[in-house]
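Structure first, then comments.
The values are calculated or read from the model by the stated rules, or taken from the named source; none is laboratory data. In this text, all values refer to a predicted model and were calculated from it rather than measured experimentally. Methodologically, a virtual Cβ is constructed for each residue, glycine included, from the backbone with ideal geometry; neighbour enumeration extends over all protein chains shown. What goes into the accessible areas is simple: the full protein's heavy atoms, side chains included, and nothing from ligands, DNA or RNA. Shrake-Rupley method; radii C 1.70, N 1.55, O 1.52, S 1.80 Å.
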Amino acid sequence: MLMLAACSKEEPFVGSPSTVQLFNALDNGTELYADLSGNRPLQFKTALMINNKQYYDVRTNSISTKQPLQPLDLWSTSDTSTHDSPLIRANLELEEKSFYSMFIFGNKTAAEFLLHKDEIPALKANDSVTFIRFANFGNAQPISVNLKGEPAGSFMQSLPYKGIGEFTEMNARTAVGQYEFEIRDQASEELLAVFIADNFGYVNGSVVINKWYNKSNTLVLTGHYNGTGPNEQKVYLMNHR
């Protein structure tokens, strides 16, 4: 995690900082620079870059701060001239020792964000489990989720646009092989996207690595109905550990 301190009139937290994971779901693959100073950065090349959805990485798309009221400006990486303005200008109200997910969505001319306080499930060292939830930032339609071969809506009956579901505990033993999730239009049951959670027991040399064991992940639907390229309706992984 990258620690970024910012000037603020608010008293800083005495103890542990809060952490915000930023998921950039903006249209057309738009990437962002983040500025926590409350002022325009002098050199954008030194600012934190928030990668677009297909390049999400918890190690680079996260900030930690001890400020209970944290200024945050988000700039398009292609718009850094003196006459440009940030796409998002916000003051994040944060609680000490808390975790948040911030979803940035829409397009450059109408960018929006949603800040969600997370309750990340505790580790279960003696159980081979994983925790999965869904977030819907795709095309302003309610969705349902099922595992392949099961009835529509059997995993999640309905999740509205901008909705974030609860974490579901699932088996993460090597024998699982994979989970194939089908995301559907909630009303018509039309298949919109598929996400395969695999690599349960991935072998790297002589070491077995379970990429889901004791992890918490959000599967984020983004894009537009019948969209193409970076705007294709698709599910991306947002990992929390």
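A value for Cα Rg over 2.2 N^0.38 Å was derived from the coordinates, and within the list (1) 1.15; (2) 1.07; (3) 0.96 it appears as (2). Accessible area per residue for segment 102-160, computed on protein heavy atoms with a 1.4 Å probe, is 47 Å². Reported to the nearest whole Å, the Cα centre-to-centre distance from segment 105-145 to segment 40-67 is 19. For the chain, a crude dipole built from +1 on the beta carbon of Lys and Arg and -1 on the beta carbon of Asp and Glu, taken about the Cα centre, is about 520 debye to the nearest 20. Ligands, DNA and RNA left out, the 1.4 Å accessible surface of the chain is 48% carbon and sulfur atoms.
When 181, 155 are compared by accessible area of protein heavy atoms, the largest-first order is 155, 181, using a 1.4 Å probe.
The modelled label-to-label distance for the pair residue 95/residue 228, using points 7 Å beyond Cα in the direction of Cβ, is 4.7 nm. Put a dot 7 Å past the Cα of residue 78, heading toward its Cβ, do the same for residue 241, and the two dots end up 3.9 nm apart.
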